[in-house]
Each structure stands twice: as C-alpha cells, then as structure tokens.
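Step one of this worksheet: look at the structure below.
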Amino acid sequence: MLIRTPDDLGTPVAELAALPAVRRVVMANPRDYEVRYAINPHMLDGSGALREVDRDRAREQWRGMKAALEAHGIEVDVVPPLDGHPDLVFCANPALWIPAEAAPDGEPHLVRSRMTHEERRAEVAHLAEHLSVRGLEIEGIEGPADRFEGSGDGLFHPGRRLLWGGVGPRTELAAWAEIGERFDLPVAAIQLVDEHYYHLDTCFAPLDETRCLWFPPAFHEAGAALVRAYFPGAIEVGAREAREELACNAWCPDGRTVFLPDGCPETRAALEAAGFEVVEVACGEFKKAGGAVYCMKLAVC
C-alpha cells in the first residue's frame with residue numbers, strides 16, 4: 001500500500017506491528033574506493049573536476065566507523081571488494097533488506113536493486129552472492145521500474161512496520177508500489193526535489209518512533225507533510241551541514257545512539273539536547289563521493 005497523505009495509513013504509527021532493533025550490518029571493503037566518475041554533484045569540486053580522495057585516510061576512516069559500530073554491539077560482516085567498482089563501499093544502495101518481521105511469510109528477504117548508473121550495476125550481483133550463502137530469499141524487482149536503489153531510498157520507520165520510500169533520480173514510484181504489494185507493506189512514498197539529495201538517506205534519518213533528522217527543502221511539500229505527521233519531533237538540519245557535511249546521512253540503530261558524520265556541530269548539539277547519545281564518525285573522504293555513515297552499511301538484522 002502506498003501512503004501519499006497522512007490519512008492514508010488509517011491507523012496510528014504506534015499501532016503498527018513492531019520491528020526489532022538492528023544488530024547486524026554488512027560493510028564493503030574500501031580497497032578500490034576513489035572518485036573515478038561523477039554520478040552526483042558531490043563528486044565534483046568547485047572547478048568541475050573530480051574530487052581527489054586520500055585513499056589511505058579513507059581506509060582509516062572506514063576502519064574507524066567499523067570499530068565504532070562494533071563497540072556499540074553491532075555485528076559487522078565485511079563484503080569483499082569488487083575490481084573496478086569504487087562505490088561498492090556505499091553498500092546500502094545495491095539492495096533492500098526486508099526483515100522477517102516485516103514480511104508476510106515471516107522470512108527475511110533481500111530485494112536486489114536496479115542501479116541507475118552502469119558504473120554501479122555489477123555491485124548488485126556481487127553483494128547478493130555474498131549474502132546468498134546465508135540462505136536468504138534473494139529476489140529482484142519484476143515490474144516496469146527501471147530505477148530502484150535499495151536502502152539508499154528505502155528506510156524503515158524505527159521499530160514499526162512502515163517503510164519510507166524516496167522517489168526521485170534513483171528510484172521510481174513503481175518500484176515502491178511493487179514492493180508494497182509484494183510484501184503487503186505500507187510504503188510512505190515521498191518525492192525528492194533537489195539533485196544534491198539524490199537518495200532519501202541523504203536528507204532523512206529516522207531516529208526513533210517520533211523523531212528524525214531531516215532537511216525539509218529536499219522534499220516536495222506532500223512528502224514533507226508526511227514526515228511532519230509521522231515524526232512530530234522531527235529535528236531540522238541546517239543547510240550547510242545538510243549539504244556539505246551530509247548530516248542527515250546518520251544512523252540510529254536503537255533509538256538512543258546516533259552515528260553522525262563528523263563536521264556537524266549544530267546537528268550534534270540538537271541531538272544531544274533531545275537526549276540522544278552522539279557518536280561522531282570521521283568520513284570526510286567518503287563525503288567527496290556523496291556518502292557518509294548510512295550509505296556505508298546495509299542493515300541485515
């Protein structure tokens with residue numbers, strides 16, 4: 001079922017079926033990470049040239065993020081690198097994880113993406129092959145949607161059986177309609193309107209059942225109305241930290257701890273004032289490609 005207005009859900013979010021907290025993710029080995037092409041505005045500097053990545057520093061930052069997650073009890077499974085695919089490190093994009101508690105058959109599913117750009121399409125099979133050994137149900141989009149980028153545009157409401165689906169340059173509405181029907185799952189579909197926020201996870205981070213981080217100008221007003229209705233305690237991020245530091249590409253796995261990209265003091269202060277524990281994650285080298293904390297992991301709880 002597609003949710004387009006606050007009244008479409010027909011029941012309070014708090015009365016939807018519960019989902020467990022995320023305790024396990026995959027991250028992709030950053031061996032090949034660099035900016036080799038431009039498929040989003042963040043990959044170009046002010047002169048229009050590709051941004052240069054300090055690859056040693058990038059690996060150090062990746063290890064730091066992995067260690068931070070593990071220190072908070074998150075199990076991290078590492079996907080091996082894929083030759084010639086620098087963006088594999090943003091492993092949230094090639095698939096969407098449907099936890100067992102969200103699926104009608106009570107089994108977990110992994111839905112393969114249909115990546116918009118040719119440069120990233122081989123990542124999908126590579127990630128699926130890595131996860132298939134765990135006996136998962138792995139499937140793809142069967143309908144007419146040409147664009148679907150997994151957990152980059154698909155984020156579950158914390159603790160509840162409701163999926164938020166970004167509609168924009170990387171994912172079509174038809175993909176969310178298919179997923180909603182296949183899994184009998186309500187999908188709050190929201191339109192993105194700014195090319196700098198090409199995935200939903202670049203401008204929206206669910207925190208707990210009533211609060212999120214978000215940057216309202218990235219949304220069509222109808223989508224913004226949904227966010228305001230379902231997250232009455234939404235925390236608005238300032239323009240500089242949203243665009244330059246990707247503050248909304250944060251992740252809160254348990255409703256208490258927020259893994260926040262570094263360089264966001266105003267967002268950190270707002271989160272701490274709201275009672276969250278903030279763990280700052282250095283990921284400046286990855287911001288050069290338009291990604292940060294959320295992009296660099298795929299939940300497989």
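Rule-based calculations on the coordinates, nothing more; no lab input. Source: prediction; values computed, not measured. FYI the Cβ positions are ideal-geometry reconstructions off the backbone, even for glycines, and counts take in every protein chain you see.
Brief remarks on what is shown
- Simple spin-label estimate for Glu101 and Arg59 in nanometres, 7 Å along Cα-Cβ: 3.8
- Note on Ala49 and Ala17: their simple-model spin labels are 5.4 nm apart, each label 7 Å out from Cα toward Cβ.
- In the chain, the DSSP-assigned H stretches of four residues or longer account for a calculated mean residue ellipticity at 222 nm of -6500 deg cm²/dmol, using -39500 (n - 2.57) per stretch and the full residue count as denominator.
- For region 171-184, 3J(HN,Hα) per residue [Karplus equation, 6.51 cos²θ - 1.76 cosθ + 1.60, θ = phi - 60°, Hz, x = Gly/Pro]: 9, 8, 4, 4, 5, 5, 4, 5, 5, x, 5, 4, 9, 6
- Sparsely packed loop sites in region 78-140 (the trypsin sites (Lys or Arg not before Pro) outside DSSP H, G, I, E and B with at most 15 other Cβ atoms within 10 Å) comprise Arg121, Arg134.
- More than 33 Å apart - percent of Cα-Cα pairs taken over the chain: 14
- A straight chain from Glu139 to Asn29 at 0.36 nm per residue would run longer than the Cα-Cα distance by 37.2 nm.
- With the simple spin-label model, which puts each label point 7 Å out from Cα in the Cβ direction, the Asp83 to Leu173 separation comes to 4.4 nm.
- Each of Pro86, His109, Pro12 was scored by the projection of its Cα onto the charge dipole of region 1-136, and the greatest displacement toward the positive side belongs to Pro86; charges sit on the C-beta of Lys, Arg, Asp and Glu.
- Comparing mean-square fluctuations of Pro20, Pro216, Pro158 from a GNM of the chain with C-alpha springs under 10 Å, the top value falls on Pro20.
- Annotation for region 188-272: trypsin sites (Lys or Arg not before Pro) lying in DSSP loop with at most 14 further Cβ atoms inside 10 Å of their Cβ are Arg256.
- Assuming charge only on the beta carbon of Lys and Arg (+1) and of Asp and Glu (-1), the dipole of the chain about its Cα centre is about 320 debye to the nearest 20.
- Reachable lysines, given that their alpha-carbon falls under 16 Å from the alpha-carbon of Lys297 and they are not under 8 places away in the same chain: Lys66, Lys287
- Computed from point charges on the beta carbon alone (+1 for Lys and Arg, -1 for Asp and Glu), the dipole magnitude for region 119-204 about its Cα centre is near 280 Debye.
- Max mean-square fluctuation residue, GNM over the chain, Cα-Cα springs under 10 Å, options Leu163, Leu136, Leu173: Leu136
- Among the GluC sites (Glu not before Pro) within region 218-280, those in coil by DSSP and having at most 16 neighbouring Cβ atoms inside 10 Å are Glu244.
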